[in-house]
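Please read the structure below before turning to the comments.
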Amino acid sequence: MKIPFVSFLPMERELDRPLRDAFERVFSRSWYIGGAEDEAFEKAFASYVGTRYCVGVGNGLDALMLALKALNIGEGDEVLVPSNTYIATALAVSYVGAKPVFVEPRVSTFNMDPELIGAAVTERTRAIIPVHLYGQACEMEPIMRIAKRHGLKVVEDCAQAHGASYKGQRVGSFGDAAGFSFYPGKNLGALGDAGAVVTNDPDLEKRIRALGNYGSDYKYHHVLKGNNSRLDELQAAFLSAKLPHLERMNVERRRIADRYLSEIKNSKVILPTVGDAFVPVWHIFGIRCQERDALEQHLKERGIGTNKHYPIPIHLQECYRDLGFGPGKFPIAEEISKTELSLPMYYGMTDEEIGYVIEAVNAF
């Protein structure tokens, strides 16, 4: 049996008509930037997350960068980010001229450990970016408490967690702002690059919207030195077609994950941990294994696709050599990078395919 790491085909077949209708609707209007589709999606997505405002932007990296820029974070500032995350989180900090400061995760959840945040705060710290990694929410209650104590801004990175919740509240609605990516592989994915920033602050919403439109509050009037990062009408229309189906597709992901969690019985494999206060959406189902590369090969030989998130921690990436960190500086992130393996996880996996993956992992 051949099982890819991810496949969009089951979802795309099911939503073929709504997606084609979305394209025809935009094409017939001949209006491609800043129109009715963008406005409708922004309103619907803000309502879904539980915030007052949503600003569509070009991608998830831009979403984080524009949020930081709108909060006046820049040269000389420090921003706390997880040591275990995709590089876009740190790049957003670098792009506004600030310095990323890494905080280690809990190895059981892969997410930033609130107990380690306080020690990383300095007089230059201005913000925290908690990343809801792999579709599981961070421990936002203690993180928000720490941020308030130190007077820090909070920008949530929700790129992998559309619909995840913590204590009954959806991610993206805790901090000053939150960035979402709608890269095609996300739980809510466009058919190209796309992103959004959500917030409850009306002044912040205006600044983010202006910054993404060349710093303009109205045509040819520029109040800020901005960027060109806008959600185009076509991607907004595709996202509007998919959004009503997101919840039931997330439920299906949880069903797959529940089978993995209950049926994988291999002492060499460490499964992720989910607390009672958390409802994950399982963008990624990551396990850990000290013999990760051998397990990866074992599954490959049986036709099962896997991935590694992420094989090189950010502090060891060549582009961040200037921070001066060598091996051993962030041992938990390094341990995860050496042992994490992501199993197939996508809407439309059959019971037979799920069972085949479980059987193969247990046979290792």
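The set of residues in the stretch 111-145 that are assigned to a helix (DSSP H, G or I) and surrounded by fewer than 19 Cβ atoms within 10 Å (Cβ to Cβ) comprises Glu115, Leu116, Gly118, Ala119, Ala120, Glu141, Pro142, Met144, Arg145. Among the residues of the stretch 247-266, is there at least one that is out of contact with any Asp or Glu (no Cβ under 7 Å at 6 or more places or on another chain), touching a residue at least 24 places away in the same chain (Cβ under 8 Å), over 16 Å from Glu340 (Cβ atoms) and assigned to a loop (DSSP other than H, G, I, E, B)? Yes: one or more hits.
In this structure, is Ser30 closer than 30 Å to Ile287 by Cα, of a type in the set (Ser, Thr, Tyr) and open to solvent by 20 Å² or more (accessible area, probe 1.4 Å)? When the stated conditions are applied, Ser30 does not pass them. Of all residues assigned to the stretch 37-50, at least one qualifies as being farther than 25 Å from Tyr166 by Cβ, at pLDDT 95 or above and either of a type in the set (Phe, Trp, Tyr) or touching a Lys or Arg at 6+ places or on another chain (Cβ under 9 Å) (or both).
Take the conditions over 30 Å from Ala22 (Cβ atoms) and either open to solvent by 30 Å² or more (accessible area, probe 1.4 Å) or out of contact with any Pro (no Cβ under 8 Å at 6 or more places or on another chain) (or both) and apply them to Arg106. Does it pass? Criteria met by Arg106. Taking first residues from the stretch 54-69 that are β-branched (Val, Ile, Thr) and partners that are open to solvent by 10 Å² or more (accessible area, probe 1.4 Å), the Cβ contacts under 6 Å between residues at least 6 apart in sequence or on separate chains come to Val55/Arg209. Inspection of the stretch 221-244 identifies no residue that is within 23 Å of the chain's Cα centre (by Cα) and of a type in the set (Val, Ile, Thr).
Total residues in the stretch 263-316 satisfying the condition of being over 22 Å from Gly135 (Cα atoms) and open to solvent by less than 30 Å² (accessible area, probe 1.4 Å): the figure is 6. For the stretch 199-236, a tally of residues being open to solvent by 90 Å² or more (accessible area, probe 1.4 Å), part of a helix (DSSP H, G or I) and not charged (D, E, K, R) returns 0. Val79 meets the conditions (1) among the β-branched types (Val, Ile, Thr); (2) assigned to a strand (DSSP E or B); (3) surrounded by fewer than 24 Cβ atoms within 10 Å (Cβ to Cβ) in every case but one. The failed one is (3).
Can you tell me which residues in the stretch 37-52 are in a helix (DSSP H, G or I) and open to solvent by 60 Å² or more (accessible area, probe 1.4 Å)?
At the first step, the residues of the stretch 37-52 found to be in a helix (DSSP H, G or I) are 37-49.
Passing the criteria: Glu39, Lys43, Ser47.
The values are calculated or read from the model by the stated rules, or taken from the named source; none is laboratory data. Bear in mind that the values here come from a model prediction, so they are computed numbers and not experimental data. Virtual Cβ from ideal backbone geometry, glycine too; neighbours counted across all protein chains shown. For accessibility, only protein heavy atoms count, side chains too; no ligands or nucleic acids. Shrake-Rupley method; radii C 1.70, N 1.55, O 1.52, S 1.80 Å.
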